[in-house]
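See below for the structure under consideration.
The values are calculated or read from the model by the stated rules, or taken from the named source; none is laboratory data. Small disclaimer: the values here were computed from a predicted structure and weren't measured. Quick reminder, even Gly has a Cβ in these numbers, built from the backbone with ideal geometry, and neighbours come from all protein chains shown.
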Amino acid sequence: MNAAVIRVAVLGLGLVSSLALAQDKAGTSAPAQPAAAAALTAPAPDVSLDMAYKKEFAFLEAQKRELSARIDTVKREFERDRQRLEGEVTALEGQALSAQSRAESLAGELVKADQLAQANADNRETLQATFDQARSTLESLDVAGLGDPSFVDQDDAGKLQDLFARAQQRLGALSAIQRGPGRFFLADGNEVEGTVVRFGNVAAFGVSPQAAGALAPAGGGAFRMWTQPADATARAMADGKLPALIDIFLFENANLAIPEPEKKTIWNEVKKGGLIGFIILGLGSLAIALVLLRAVFLKQAGASISGVLDAVAPAMQANRIDDAIAAAKKFKGSAARVVTAALRGIQQALGDNQLDRTEREHLEDIVSESILHESTPLSRFGGVIMMIAAVAPLLGLLGTVTGMIQTFDVITEFGTSDPKLLSGGIATALVTTELGLIVAIPCLLFGNLLNGWSDRIKDDMEKAALRAINLYQGNVGRVAA
């Protein structure tokens, strides 16, 4: 296809060249004649297409060689530029990697510098806190000069060495026993003068004409006589002697007052339980009174059973029902009333001087009804006692929950830094539980014991009534025989 195109192009170029040559010849031979007439009259030129093709082919071959040479030149220049640019890119990549490595190294050094700066700041704060604490502690121990320029202008190492030296010097002075005149308060609050013996900075003794003993901080550097006796130790220390056994009261800070230890009594423990504790205590007192009253009632009811039988038996054996009823009425109590009811039933059931099976069952029903009627007095206060035994632990649990709520309220407001603030709620929580158990356990124990005693009395009353029936029935049988 390319050859055909080239061929057509060559032929076209040949025709154009021929026409141009013909026009030139016509113009030179007859310039005055018109172009149209010249064309009509002039003979056709002798044009060789083969020669024109060869010329054009040679021309195109020359252009092709020229273009090929130029293409080769361009390729060589492109290859040189590509190699040069690749070298430059490689160099730039190396520079970029080097710069990145250096940046990472600088970033690591910056992190280390920040850490070092933070550590130095922390150390500085620690040193400052140490200096402040040491200054406060040593000034409380009467060490002066910590605010002088000679101390403040020193570097940190010099300040530390100076502080340790002063602390060691003051510790050596405090570790010795010091005696001297002083004033202190007695147990009754009166201030007296006497000899104060300082056992370092952790204990002190006072000796005066009025009293002698161990001293405790009273606040503001003052001392007061401690409640525990230490007279012999104090006088021996004042005389420069060191006894084999030292009665000593150790304290941490002489400037903080130490309160008197609270005396533990039952009333103080109950007061810690608050309102719920007093309610439990009231229920316990009521339960004790009810237990005692019920015990008295049961004792009276149980004691008359044997007496009633002893009084009724001779009359029943002699078949004197009226005398037996009169003897039973002389006694008071549930047992006497049950036996009397049985005797009246016998009196009503008399027929032909004997008791048949139906009448005996009727008498037993009368006895059972009488015992049921007497069960209410015998069971008196039993339900209340068992109710207190059940309610007391629940009240103790209520006090426990209330105390824990108080404790958490204190923690929410003040935190856990001061245990004394938490002691109130914890005491309420523990004391109410203790009081509830103290009340519930005896109530449960004595309540069950009294219930068992009541059941035994009922059984004895039933036995006594049936014994009276059996005595009469046996006597009637003997008479009939």
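State yes or no: is residue 264 at pLDDT below 80, assigned to a loop (DSSP other than H, G, I, E, B), more than 47 Å from the chain's Cα centre (by Cα) and charged (D, E, K, R)? For residue 264, the condition - at pLDDT below 80, assigned to a loop (DSSP other than H, G, I, E, B), more than 47 Å from the chain's Cα centre (by Cα) and charged (D, E, K, R) - is not met.
Condition check ((1) at pLDDT below 70; (2) surrounded by 20 or more Cβ atoms within 10 Å (Cβ to Cβ); (3) not assigned by TED's automatic domain parsing to the domain that holds residue 282) across all residues:
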residue	(1), (2), (3)
334	no, yes, no
340	no, yes, no
344	no, no, no
375	no, no, no
381	no, no, no
386	no, no, no
420	yes, no, no
429	no, yes, no
437	no, no, no
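Name the single residue, out of those in the range 177-189 being surrounded by 12 or more Cβ atoms within 10 Å (Cβ to Cβ) and without any contact (Cβ under 8 Å) to a residue 60 or more places away in the chain, that is farthest from residue 239 (Cα to Cα). Here the residue is 187. With at pLDDT below 80, in contact with a helix residue (DSSP H, G or I) (Cβ under 6 Å, 6 or more places away or on another chain) and surrounded by fewer than 15 Cβ atoms within 10 Å (Cβ to Cβ) as the only criterion, which of 127, 171, 163 stands out? Answer to the check: 127. The listed residues are 148, 153, 132, 142, and the only one of them that is of a type outside the set (Val, Ile, Thr) and at pLDDT 75 or above turns out to be 132. Residues in the range 268-304 that are in a helix (DSSP H, G or I), within 31 Å of the chain's Cα centre (by Cα) and not polar (S, T, N, Q): 269, 270, 271, 272, 274, 275, 276, 277, 278, 279, 280. When the range 321-346 is filtered for residues that are assigned to a helix (DSSP H, G or I) and not aliphatic (A, V, I, L, M), the ones remaining, listed by number, are 322, 323, 329, 334, 337, 340, 344, 345.
Quick grid of which residues meet (1) outside any helix (DSSP H, G or I); (2) more than 60 Å from the chain's Cα centre (by Cα); (3) at pLDDT 55 or above:
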residue: 20; (1), (2), (3): no, yes, no
residue: 23; (1), (2), (3): no, yes, no
residue: 36; (1), (2), (3): no, yes, no
residue: 43; (1), (2), (3): yes, yes, no
residue: 50; (1), (2), (3): no, yes, yes
residue: 80; (1), (2), (3): no, yes, yes
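Of the residues that make up the range 199-216, is at least one assigned to a strand (DSSP E or B), in contact with a helix residue (DSSP H, G or I) (Cβ under 8 Å, 6 or more places away or on another chain), farther than 30 Å from residue 133 by Cβ and of a type in the set (A, V, I, L, M)? Within the range 199-216 (the criterion being assigned to a strand (DSSP E or B), in contact with a helix residue (DSSP H, G or I) (Cβ under 8 Å, 6 or more places away or on another chain), farther than 30 Å from residue 133 by Cβ and of a type in the set (A, V, I, L, M)), the answer is yes, since at least one residue qualifies.
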